[in-house]
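Report on one structure; see the data block that follows.
The values are calculated or read from the model by the stated rules, or taken from the named source; none is laboratory data. All figures in this text were calculated on a predicted structure; none of them were measured in a lab. Backbone-built Cβ (ideal geometry, glycine too); neighbour counts: all protein chains shown.
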Amino acid sequence: MKTLANLFKNNIREYGMLIALIAIMIFFQVATKGTLLKPVNITNLILQNSYIVIMALGMLLVIVAGHIDLSVGSIVGFIGAVAAVLMVRYNLNFALTILISLLIGALIGAWQGFWISNIKIPSFIATLASMLIFRGLTLALLAGESVGPFPVAFQKLSSGFIPDFFGETSIHITTLVIGAILSVVLVFIDIRARKNQENYHFDVLPLPFFIAKNVAISGAIMGLCYLMASYKGLPNVLVLLFILIAIYTFVTSQTVIGRRIYAMGGNEKAASLSGVNTKRLLFNTFVNMGVLSALAGMVFAARLNVATPKAGNSFELDVIAAVFIGGASASGGIGTVIGAVIGAFIMGVMNNGMSILGVGIDWQQAIKGGVLLLAVFFDVYNKRKG
Amino acid sequence: MSDNILEMRNITKTFPGVKALDNVNFTVKRGEIHALVGENGAGKSTLMKVLSGVHPHGTYEGDIFFNGQKCQFKDISQSEKIGLVIIHQELALVPFLSIAENIFLGNERQKMGIISWFDTTEQTNALLKKVGLHEPPSTKVSDLGVGKQQLVEIAKALAKEVKLLILDEPTASLNENDSQALLELLLQLKQQGITSILISHKLSEISRVADSITILRDGATIETLDCLEDQISEDRIIRGMVGRELTNRFPPRVSNIGETILEVKDWTAYHPIYDGRKVCDQINISVRKGEVVGISGLMGSGRTELAMSIFGHSYGRHITGTVYKDGQEIDVSTIDKAITNGIAYATEDRKTYGLVLIDNIKDNITLSNLEEISDKMVINEPRELTVTNEYREKLSIKCSSILQKTVNLSGGNQQKVVLSKWLFANPDILFLDEPTRGIDVGAKYEIYTIINQLASEGKGIILISSELPEILGVCDRIYVMSEGKIVGEMLAKDASQESIMKCIMTQQEVIK
């Protein structure tokens, strides 16, 4: 039986970032005199960061595969423009618009994948080129103007909330029910994993800590849902996020494809000589990134209710920073979905908190840069010690 | 001044959880070639790292005396300053710089930061002459073979006015000729008064050049043998290393050879970059069930290229020829197809091509056959754990758990993980490319036992090896390759080291 300290040390990256997120939240909660966790603000915070989280999921896979994608910000702008033109200029139905936009995202991803995976141009250069290309195309498409507003149904993508099936009460009951179901499912999954580990005599968390951990997680989910419920309930986009996070966590940790992406990022040659079709896998990783960027582009456009030529500017930096803060390795093969999501929220909470405090955009940038450096330093330092 | 150039007294070095060195005493006499031997993990490299300052003073206990002076190195530059140079197994040259730039890297011939190219070139020429390398100083290191790169490393050490030269497995990646040349050079340097410490697994080399031998085992000095007074046999050294009598270096095996399982006909492959250069030229080979076939030949003779081109065309271009399995033609145009058709290839360089080092043992073992442990592309974790634990026991992989990262395993255990991976893919034909390179005598024996086991299960094994005793000791039949061609074929019982070398040298077909 290993000591708790040892267990903590082995998982220091995961717990460390979570603790950092909580610490940052407590700090801003106090500094903003309780504004941070007000229902309306927490809802806003999630809406503001949803597109970063969506892209971080794809970026995590790209970075784990040992690559990088600098073009996601431009694709956000481009897809927003495409959707706007389709709906506003051509009066296309919103559902069809979403479908076409996602398809274009996939094509853009395929374009990247072609240059990177087939022609073997370093991803840094190929996506840098795309970043310029799609920013330019966005300007051309919008002719330098803003295009909007969008049909209400499309706006709901970002600004809508799920309906309350339990009638109109002061509190959104459906939200609480969903939160409860989610908590139960998570606890159930964790118990099953623990049993599995015990069967194979691996070290597991001591039971009191295991219980405490699950109580804390369930508590956090219920607390969040309660806050949401006392405002307008769960935003549509948060439901989307939950589903996406669940899918990507599952894919990365439980499936053959996920395992192969990690192996490819860890040692491309060894993976390839073990029968992994690394070329196709890398291509698909970029297609996936393209689709998620397109989705993020629409969520962002829907939120602003207008497509602008500057939409998505420098989003790629926030996304990449989120993934690295979340513990991914720049040389590939290491990183988790949950880490990337936590990373995205660390950035988001800091943005939001500093804005409430009235910190100027200049200092916000500088402080965020410092946090990124600190997080990666923490990684390097741990690795050297271990 | 004492007669000993180096004395290391009571060196103890502890890593978290492990005592890597335990009161080690190591004394080297001036002007000798002193061999340091021991199994993998015995502490040789750690001892040399303590000596050269990689592990700085204060992180270990004990004293180091160099030329009678007590030394407390904080880093490598301090140890190099007094003439103590270590050449690592993995060469530390910058591939895109020239020979001259590499030799004087960090030690530039300069005046106020401006390099004097005249001095650099002139001195490089002198140094290259000393080590017997006939290349212009402006040649890029990446254009040199491993053997020549090794010479550049030695020239670099000479440029630093080396007094004690430490070579860590210098011949591990060299072919027979280059190894001989390197050993000759060591003897020459000895004449010029340079003392060397030679770490090697190749006992034949040690018997040839060493004046004394220190044996380490489990982090402790076992004994120091003086080769000048007594003739030391290889068996004597092995006994010291493993702590027991290893009566036979190769496990006995009973061959039970069946039908032909794999046949390769008219196999030709071209170099991936240089147009028109054939790396495999009209090759015909076959393997039968339960047979271990050796492919012998110098480095660069096309052995690895042959295996890799058959294994899913993973090397070379414009590949032509046909592969038959059990008499049926099979498609090996991609690695996936080759694996599906029952072919496996365990690579030569396990760290670069064989393992995902940052991943754990479990993930590495199942990588080539994830479908087997998955239901509809979802990994069944309990089944994966069961399977990998089976291999861990079957091949006795020494590890804390199968969740241990492979980067932390010793060479022998890493090789067992690579073998497990391919056994799990359940192939009928296995190509093993230098499976015992850089691993110790005990682990080699275990690998040979696994090979025998596989053959007795009716698999066809193709063993590529540079070590002739290994080829002779393990195989049933031997092909000899040279310059991309098969230049000889013989039954192991009729073959000898001489006959194989003769085959390579004369490039003539030796009649069976």
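Please work out which one of (1) touching a residue at least 12 places away in the same chain (Cβ under 8 Å); (2) closer than 22 Å to residue B:394 by Cβ is the condition residue B:363 fails and give its number.
Tallying (1) touching a residue at least 12 places away in the same chain (Cβ under 8 Å); (2) closer than 22 Å to residue B:394 by Cβ, residue B:363 fails exactly one: (1).
Among the residues of the range A:279-298, is there at least one that is away from chain B (no Cβ under 14 Å), free of Cβ contacts under 8 Å to residues at least 40 places away in the same chain, farther than 30 Å from residue B:371 by Cα and not in a loop (DSSP other than H, G, I, E, B)?
To start, the set of residues in the range A:279-298 that are away from chain B (no Cβ under 14 Å) comprises A:282-283, A:285-298.
Next cut, free of Cβ contacts under 8 Å to residues at least 40 places away in the same chain only: none.
Checked the range A:279-298: no residue is away from chain B (no Cβ under 14 Å), free of Cβ contacts under 8 Å to residues at least 40 places away in the same chain, farther than 30 Å from residue B:371 by Cα and not in a loop (DSSP other than H, G, I, E, B).
Can you find even one residue in the range B:449-461 that is assigned to a loop (DSSP other than H, G, I, E, B), modelled with pLDDT under 90 and either more than 21 Å from residue B:304 (Cβ to Cβ) or touching a helix residue (DSSP H, G or I) at 6+ places or on another chain (Cβ under 8 Å) (or both)?
First, pick out the residues of the range B:449-461 that are assigned to a loop (DSSP other than H, G, I, E, B): B:457-459.
The next check asks that each one be modelled with pLDDT under 90; those that pass are none.
Scanning the range B:449-461 turns up no residue that is assigned to a loop (DSSP other than H, G, I, E, B), modelled with pLDDT under 90 and either more than 21 Å from residue B:304 (Cβ to Cβ) or touching a helix residue (DSSP H, G or I) at 6+ places or on another chain (Cβ under 8 Å) (or both).
Residue by residue through the range B:410-422, note down the ones that are assigned to a helix (DSSP H, G or I) and more than 10 Å from chain A (Cβ to nearest Cβ). Please lay out each step first, then the result.
From the range B:410-422, those assigned to a helix (DSSP H, G or I) are B:411-422; that's our starting set.
Hits for the range B:410-422 are B:411, B:412, B:413, B:414, B:415, B:416, B:417, B:419, B:420.
Results for (1) under 13 Å from residue A:62 (Cα atoms); (2) β-branched (Val, Ile, Thr); (3) modelled with pLDDT of 95 or more, shown as yes or no for each residue.
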residue	(1), (2), (3)
A:295	no, no, yes
A:302	no, no, no
A:318	no, no, no
A:324	yes, no, no
A:336	yes, yes, no
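Given the conditions (1) surrounded by fewer than 22 Cβ atoms within 10 Å (Cβ to Cβ); (2) in contact (Cβ under 8 Å) with a residue 24 or more places away in the chain; (3) within 14 Å of another protein chain (Cβ to nearest Cβ); (4) not basic (Lys, Arg), report the number of the one that residue A:265 does not fulfil.
(1)
Checking residue A:88 against (1) part of a helix (DSSP H, G or I); (2) surrounded by fewer than 24 Cβ atoms within 10 Å (Cβ to Cβ); (3) of a type outside the set (S, T, N, Q); (4) out of contact with any strand residue (DSSP E or B) (no Cβ under 6 Å at 6 or more places or on another chain), which single condition isn't satisfied?
(4)
Where residues in the range B:169-183 are aliphatic (A, V, I, L, M) and in contact with a Lys or Arg (Cβ under 8 Å, 6 or more places away or on another chain), which of them is surrounded by the fewest Cβ atoms within 10 Å (Cβ to Cβ)?
Of everything passing the filter in the range B:169-183, B:172 is surrounded by the fewest Cβ atoms within 10 Å (Cβ to Cβ).
So which residues in the range B:338-363 are more than 8 Å from every other protein chain (Cβ to nearest Cβ) and either closer than 12 Å to residue A:255 by Cα or of a type in the set (S, T, N, Q) (or both), if there are any at all?
B:340, B:341, B:360
Restricting to the range B:364-378, what's the tally of residues that are among the polar types (S, T, N, Q) and either more than 12 Å from chain A (Cβ to nearest Cβ) or not in a helix (DSSP H, G or I) (or both)?
Looking only at that region, the number is 1.
Given the condition modelled with pLDDT under 85 and loosely packed, with under 13 Cβ neighbours inside 10 Å, answer yes or no: does some residue in the range A:171-178 qualify?
First, the residues of the range A:171-178 that are modelled with pLDDT under 85: A:171.
Next cut, loosely packed, with under 13 Cβ neighbours inside 10 Å only: none.
For the range A:171-178, residues modelled with pLDDT under 85 and loosely packed, with under 13 Cβ neighbours inside 10 Å: absent.
Determine, yes or no, whether residue A:246 is under 21 Å from the mean Cα position of the chain (by Cα), crowded, with 19+ Cβ neighbours inside 10 Å and more than 13 Å from every other protein chain (Cβ to nearest Cβ).
no
Take the residues in the range A:249-262 that are assigned to a helix (DSSP H, G or I) and of a type in the set (S, T, N, Q); name whichever of them is farthest from the other protein chains (Cβ to nearest Cβ).
So, considering only residues that are assigned to a helix (DSSP H, G or I) and of a type in the set (S, T, N, Q), the one farthest from the other protein chains (Cβ to nearest Cβ) is A:249.
For the structure I just gave you, tell me whether residue B:449 is hydroxyl-bearing (Ser, Thr, Tyr), buried (at least 24 other Cβ atoms within 10 Å of the Cβ) and in contact (Cβ under 8 Å) with a residue 12 or more places away in the chain.
no
Could you tell me whether the range A:192-209 includes any residue that is in contact (Cβ under 8 Å) with a residue 12 or more places away in the chain and within 14 Å of chain B (Cβ to nearest Cβ)?
Yes - at least one qualifying residue is present in the range A:192-209.
Tell me which residues, restricted to the range B:153-169, are touching a strand residue (DSSP E or B) at 6+ places or on another chain (Cβ under 7 Å) and assigned to a loop (DSSP other than H, G, I, E, B).
B:160, B:162, B:163, B:169
Looking at the range B:404-420, can you tell me whether even one residue there is closer than 21 Å to residue B:335 by Cβ and surrounded by fewer than 18 Cβ atoms within 10 Å (Cβ to Cβ)?
Looking through the range B:404-420, none of the residues is closer than 21 Å to residue B:335 by Cβ and surrounded by fewer than 18 Cβ atoms within 10 Å (Cβ to Cβ).
Would you confirm whether or not the range B:167-183 contains a residue that is more than 22 Å from the chain's Cα centre (by Cα) and assigned by TED's automatic domain parsing to the domain that holds residue B:61? It would help to see each step written out before you state the result.
Taking the range B:167-183 and keeping what is more than 22 Å from the chain's Cα centre (by Cα), we get none.
So far as the range B:167-183 goes, no, none of its residues is more than 22 Å from the chain's Cα centre (by Cα) and assigned by TED's automatic domain parsing to the domain that holds residue B:61.
Counting residues that are buried (at least 22 other Cβ atoms within 10 Å of the Cβ), which strands (runs of 3 or more DSSP E) fully inside the range B:1-106 reach at least 1?
B:4-15, B:18-29, B:33-37, B:61-66, B:84-87
Please enumerate the residues belonging to the range B:379-409 that are more than 12 Å from chain A (Cβ to nearest Cβ) and part of a loop (DSSP other than H, G, I, E, B).
Answer for the range B:379-409, where residues must be more than 12 Å from chain A (Cβ to nearest Cβ) and part of a loop (DSSP other than H, G, I, E, B): B:395, B:396, B:397, B:398, B:399, B:409.
This table checks each residue for (1) closer than 25 Å to residue B:173 by Cβ; (2) hydrophobic (A, V, I, L, M, F, W, C); (3) surrounded by 13 or more Cβ atoms within 10 Å (Cβ to Cβ); (4) free of Cβ contacts under 8 Å to residues at least 24 places away in the same chain.
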position	(1), (2), (3), (4)
B:109	no, no, yes, yes
B:113	no, no, no, yes
B:119	no, no, yes, yes
B:128	yes, yes, yes, no
B:142	yes, no, no, no
B:145	yes, no, yes, no
B:152	yes, yes, yes, no
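Of the residues in the range B:359-399, how many are modelled with pLDDT under 90, crowded, with 16+ Cβ neighbours inside 10 Å and either in the same structural domain as residue B:306 (by TED's automatic domain parsing) or within 29 Å of the chain's Cα centre (by Cα) (or both)?
Of the residues in that region, 3 qualify.
Looking at the range B:154-172 only, could you name the residues that are among the β-branched types (Val, Ile, Thr) and free of Cβ contacts under 8 Å to residues at least 60 places away in the same chain?
If we filter the range B:154-172 for residues that are among the β-branched types (Val, Ile, Thr), which is where we start, we get B:154, B:162, B:166, B:171.
Matches in the range B:154-172: B:171 only.
Might you check whether a residue that is in contact with a Ser or Thr (Cβ under 9 Å, 6 or more places away or on another chain) and either crowded, with 21+ Cβ neighbours inside 10 Å or not acidic (Asp, Glu) (or both) occurs anywhere in the range B:240-250?
Checked against the condition, which is being in contact with a Ser or Thr (Cβ under 9 Å, 6 or more places away or on another chain) and either crowded, with 21+ Cβ neighbours inside 10 Å or not acidic (Asp, Glu) (or both), the range B:240-250 yields no hits at all.
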